[in-house]
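Just below is one structure, and these are the notes that go with it.
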Amino acid sequence: MISHLSGNLLAKHATSVIVEVGGVGYEVTIPVTTFYDLGDVGAGVRLNIYTHVREDALQLFGFRTLRERELFTLLISVSGIGPKSAVAMLSGMNADEIVTAIRTNNYARLTSIPGVGRKTAERMVIELRDKMAALSSPALEQEIAAGGTTAAQSEDALREDTLAALLQLGFPRPAAEKAIGGAMQEGGELSVETLLRRSLRQLSKG
């Protein structure tokens, strides 16, 4: 298995590069975060590689740091997340943001990544939360310690504020709670206004 490439850039695109090593050009899929760290065509490059083998293909995925490659490996261990989806995640958020979002149950942040729905975000948190500590750093630990529970608390606060608004409008608590639950499952960036609008839409159907 190829785990590292060191050579010269023959071609450079937002999602892939070709690295020449000993006269052979290797096509490597990369996240956008790695693309920004690369030099110009012709420059030297060193990439940490994950080799993905299928029956009909062998594909290389490249990362500037071992930490990014390890995070990529953990992401694809989650059911429903393939290599292309994991690269898209690393393109939409940097490693620190993904680690923090998973460790703090920030479903709104995770579902803001294209292609990540509520169920996938929940699987990521359940399966990876305990493994994220190994990818953390002292600075990130301080940040999480200072505000790590904010995301989880904010969802509870949003739920309570939306529930209070619906109760004031005269809806019964059971129906209101059910509508809010459905509204939150739609994912995306959440706010009281968004949840209230979604909940009212669901209640009007009932």
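Okay, here's what the table says:
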| item | result |
| --- | --- |
| Number of the condition not met by L71 [criteria: (1) closer than 30 Å to M132 by Cβ; (2) buried (at least 18 other Cβ atoms within 10 Å of the Cβ); (3) without any contact (Cβ under 8 Å) to a residue 60 or more places away in the chain] | (3) |
| S3 vs. criteria of a type in the set (S, T, N, Q) and within 18 Å of I126 (Cα to Cα) | no |
| Residue in the range 94-106 that is among the small types (G, A, S), assigned to a helix (DSSP H, G or I) and either surrounded by 17 or more Cβ atoms within 10 Å (Cβ to Cβ) or touching a residue at least 40 places away in the same chain (Cβ under 8 Å) (or both) present | yes |
| Filter pass, A145 being at pLDDT below 75, surrounded by fewer than 19 Cβ atoms within 10 Å (Cβ to Cβ) and under 17 Å from the mean Cα position of the chain (by Cα) | no |
| Enumeration of residues in the range 12-32 that are touching a residue at least 60 places away in the same chain (Cβ under 8 Å) and crowded, with 18+ Cβ neighbours inside 10 Å | P31 |
| Every residue from the range 1-10 that is surrounded by 11 or more Cβ atoms within 10 Å (Cβ to Cβ) and farther than 23 Å from S85 by Cα | G7, N8, L9, L10 |
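The values are calculated or read from the model by the stated rules, or taken from the named source; none is laboratory data. The structure presented is a predicted model; accordingly, all values stated were derived computationally and were not measured. Reconstructed Cβ throughout: ideal geometry from the backbone, glycine too, with neighbour counts over all protein chains shown.
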